[in-house]
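Below is one structure, written out as structure tokens; comments come after it.
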Amino acid sequence: MKKVLLIILLVITGIYETRACDICGCGVGSYYIGILPDFKKRFVGLRYQYKTLRTHLGPGGKTSYMTTDETYQTAELWGGWNIGKRFRVLAFVPVNFNARSNQGINSSKSGLGDIAVVGYYQLLDKQQTVGSKLLVQSLWIGGGIKAPTGRYEATEKKEGEESPNSFQLGTGSTDFTLNAMYDVRLMDFGINANVSYKMNTNNQYEYQYGNKFTANVLAYYKFRITDNVTIAPNAGMLYETAQKDTENKRFSVDVSGGYSLLATTGVEMTWKNMSIGGNFQPVVSQQLADMRVKAGNRAMVHVTYLF
């Protein structure tokens, strides 16, 4: 177990040293997995995510006539497939609903987001007894690709304007991820950790979102109500950080980059071949786009069919 924890620590440290937001967690910056439903072969389901963002803030985070409130909602079809004992594939097909308001003027856009596929290989699958209790560990590592299926509008980022380029349905670029997923459970108490590093490329408009690092750790406990019903409350932390965006491969975009730290509390319930769950993610600390952007609390719910 110590060796596995050391591997994860080295992965996180190695990634973070590269100083890896498109504005963290909002708009095209979303990349959250959390606790997967307990499936043996395949699952498919729907997730709904809600996030807010306040932009065009002045010094010290003060509001002004330019301050804009933005809301990002995503309805996402997601699924997973275990291939044999060692391979796993996850897929995400989001539909985004973006809205913003400034001085009573409202605007919105909606449509397909960027489709992503992630493949994993199970590096560790171990069961052992600790005294009279069963200890179970698993470690999955892999990588993925995100296709530019969501609409990107270059007019949203006007030259010379200090506004974040987050109000998009997609990045317009083909991007790649490195991923690791670790779970350790002693009887019914467990800890789940996910890390990912997203490497963005230039889109056709010579805009490149900053590379992004995401890590979340959740502690959970499985209450086995009946043979068919399990309820697992969970709590933990979510951290995101990224480089600043660039234009024309050499100009840094000031209103971009930063970090956010959020707490996470939620619950997962499994009944026969159905799983439902949700969580609430209040912001603990953040520094986004040189303090000219402020992210709000987030929420997510899902319903998933296991087969």
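The values are calculated or read from the model by the stated rules, or taken from the named source; none is laboratory data. Everything quoted here is computed from the prediction, not taken from an experiment. Cβ placement follows ideal geometry from the backbone for every residue including glycine, while neighbour counts extend to all protein chains displayed.
One table, with the values for the structure above:
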quantity	calculated
Residue pairs meeting the criteria (Cβ under 8 Å; at least 6 apart or on separate chains; first part of a loop (DSSP other than H, G, I, E, B), in segment 179-195; second surrounded by fewer than 21 Cβ atoms within 10 Å (Cβ to Cβ))	Met187/Lys133; Met187/Leu134; Asp188/Tyr221; Asp188/Lys222; Asp188/Phe223; Asp188/Arg224
Top-ranked residue of segment 28-82 - restricted to ones that are of a type in the set (A, V, I, L, M, F, W, C) and assigned to a strand (DSSP E or B), ranked as modelled with the lowest pLDDT	Leu53
Which numbered condition Tyr221 misses (of (1) in contact with a helix residue (DSSP H, G or I) (Cβ under 8 Å, 6 or more places away or on another chain); (2) within 30 Å of Met187 (Cα to Cα))	(1)
Whichever residue in segment 238-268 is aliphatic (A, V, I, L, M) and over 14 Å from the mean Cα position of the chain (by Cα) and, among such residues, is modelled with the highest pLDDT	Val267
Condition broken by Leu262, with the remaining ones in (1) assigned to a loop (DSSP other than H, G, I, E, B); (2) surrounded by 15 or more Cβ atoms within 10 Å (Cβ to Cβ) satisfied	(1)
Qualifying residue in segment 160-178 (condition: under 21 Å from the mean Cα position of the chain (by Cα), at pLDDT 95 or above, within 30 Å of Lys133 (Cα to Cα) and of a type in the set (Gly, Ala, Ser))	no
Any hit, segment 269-288, residues being modelled with pLDDT under 95, in a strand (DSSP E or B), among the aliphatic types (A, V, I, L, M) and touching a Ser or Thr at 6+ places or on another chain (Cβ under 7 Å)	yes
Members of segment 241-255 that are assigned to a loop (DSSP other than H, G, I, E, B) and touching a Gly at 6+ places or on another chain (Cβ under 6 Å)	Gln243, Lys244, Asp245
Residue count for segment 83-119, restricted to those that are under 27 Å from Ile141 (Cα atoms), in contact with a Lys or Arg (Cβ under 9 Å, 6 or more places away or on another chain) and in a strand (DSSP E or B)	6
Test: residue in segment 248-264 that is of a type in the set (A, V, I, L, M) and under 24 Å from Trp81 (Cα atoms)	no
Output for segment 208-240, where each listed residue is over 17 Å from Ile33 (Cβ atoms) and in a strand (DSSP E or B)	Gln208, Tyr221, Phe223, Arg224, Val229, Thr230, Ile231, Pro233
The one condition in (1) under 30 Å from Lys41 (Cα atoms); (2) out of contact with any helix residue (DSSP H, G or I) (no Cβ under 9 Å at 6 or more places or on another chain); (3) part of a strand (DSSP E or B); (4) not small (Gly, Ala, Ser) that Pro148 fails to fulfil	(3)
